[in-house]
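A.B. asks: There's a structure below that I have some questions on.
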Amino acid sequence: MKVSLKEIEVREMELEDLAAVYALGESVFTADKWPSLYRTWDEYEPVGLFHSDGEFCLVATYRDQLAGFVLGSLIDKRNSAWSYGYLTWLAVDPALKGSGIASLLIEEITELFIRAGARMMIVDTDADNKPAIKLFHKHEFLHEDRHVYLSKNLTGHPGYQRLRGTRQNQRRTRKQDD
């Protein structure tokens with residue numbers, strides 16, 4: 001769906017927006033798409049950022065409905081003159097992708113970080129998330145730092161199997177007792 005950016009309102013997130021922000025994030029940041037992120041989307045993400053850095057939590061609305069959001073935080077490093085704006089989460093309703101809403105949200109949070117004294121803005125995404133990387137490059141996030149992120153699936157570990165077997169046996173015992 002194409003929308004005019006003139007119809008998009010960007011504002012600071014309010015308490016009443018949390019449920020819709022969470023629901024959109026839940027639909028966009030699914031475990032099947034991004035199963036090994038070092039940071040995962042859950043109900044604590046929008047609540048925590050809203051509580052700690054609410055001024056860097058923005059929503060975009062279209063016809064009084066949530067169209068997208070950006071959540072960020074300001075990081076002050078001790079013993080450093082540098083402050084960093086960290087764009088932590090960015091999502092747009094899939095029906096409205098390609099409408100410029102993500103760019104609008106990035107521009108708004110960039111201005112907020114500048115006014116707050118940030119000298120640098122950082123964002124990260126999965127290396128396979130080509131649309132996000134393209135979007136961030138468009139907004140001059142150009143200095144890619146590579147790091148190695150390793151994960152280990154514990155479901156095959158004997159300790160996991162032992163614990164899981166114990167829990168399943170406890171459930172069976174409870175059901176038999178009922």
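The values are calculated or read from the model by the stated rules, or taken from the named source; none is laboratory data. All values derive from a computational prediction rather than experimental measurement. Every residue, glycine among them, receives a Cβ derived from its backbone with ideal geometry; neighbour counts consider all protein chains shown. Surface areas here come from the heavy atoms of the whole protein model, side chains and all, with no ligands, DNA or RNA. Shrake-Rupley method; radii C 1.70, N 1.55, O 1.52, S 1.80 Å.
A.B. asks: Taking each full run of DSSP H in the chain as one helix, which ones are at least 20 Å long along their axis (Cα atoms) and have mean Kyte-Doolittle hydropathy of at least -1.0?
C.D. replies: Sorted by number, the helices that extend far enough and score high enough are 101-115.
A.B. asks: Please list 3J(HN,Hα) in residue order for segment 62-75, calculated via the Karplus relation 6.51 cos²θ - 1.76 cosθ + 1.60 where θ = phi - 60°; whole Hz, with x for glycine and proline.
C.D. replies: Residue by residue, segment 62-75 yields 10, 6, 6, 10, 5, 9, x, 8, 9, 10, x, 8, 9, 10 Hz.
A.B. asks: Under the rule that an exposed site lies in a DSSP loop and has at most 12 other Cβ atoms within 10 Å, name the longest stretch of the chain with no chymotrypsin sites (Phe, Trp or Tyr not before Pro) of that kind, not counting the sites themselves.
C.D. replies: 83-148
A.B. asks: Might you report the magnitude of the Cβ-based charge dipole of the chain about its Cα centre, with Lys and Arg at +1 and Asp and Glu at -1, to the nearest 20 debye?
C.D. replies: About 1080 debye.
A.B. asks: Another one. Using a 1.4 angstrom probe, figure out how much accessible area the chain has per residue, in square angstrom, rounded to the nearest whole.
C.D. replies: Heavy-atom SASA per residue in the chain reads 68 Å².
A.B. asks: Right, here's the next one. With point charges of +1 on the Cβ of Lys and Arg and -1 on the Cβ of Asp and Glu, referenced to the Cα centre of the chain, which listed residue (Leu105, Thr155, Ala20) lies farthest in the positive direction of the dipole?
C.D. replies: Among Leu105, Thr155, Ala20, the one farthest towards the positive end of the dipole of the chain is Thr155.
A.B. asks: Next question. For the chain, calculate the relative contact order in percent as a whole number, restricting contacts to Cα pairs under 8 Å that are 6 or more residues apart.
C.D. replies: 19
A.B. asks: Within the chain, which is the longest segment containing none of the trypsin sites (Lys or Arg not before Pro) that sit in a DSSP loop and have at most 16 other Cβ atoms within 10 Å?
C.D. replies: 3-32
A.B. asks: Using a cut-off of 14 Å between alpha-carbon atoms, which aspartates and glutamates can reach Lys6, once sequence neighbours fewer than 8 places away in the same chain are excluded?
C.D. replies: Straight-line reach from Lys6, under 14 Å: Asp64.
A.B. asks: Continuing with the same structure: Set Lys and Arg Cβ to +1 and Asp and Glu Cβ to -1, take the dipole of segment 1-158 about its Cα centre, and tell me which of Ala132, Ser52, Ala118 lies farthest positive.
C.D. replies: The residue sitting farthest along the positive end of the dipole is Ala132.
A.B. asks: Same structure, new question: Got a sec? What order do His157, His139, His51, His147 fall in by accessible area at 1.4 Å, biggest, i.e. largest, first?
C.D. replies: Descending order: His51, His147, His157, His139.
A.B. asks: Something else about it: With Cα Rg over 2.2 N^0.38 Å in mind, check (1) 1.13; (2) 1.02; (3) 1.27 and report the label derived from this structure.
C.D. replies: Only one option fits the structure, namely (3).
A.B. asks: OK, next. At 222 nm, what value in deg cm²/dmol follows for the chain if DSSP H runs of at least 4 each add -39500 (n - 2.57) and the sum is divided by all its residues, to the nearest 500?
C.D. replies: So the calculated ellipticity at 222 nm is -11500 deg cm²/dmol.
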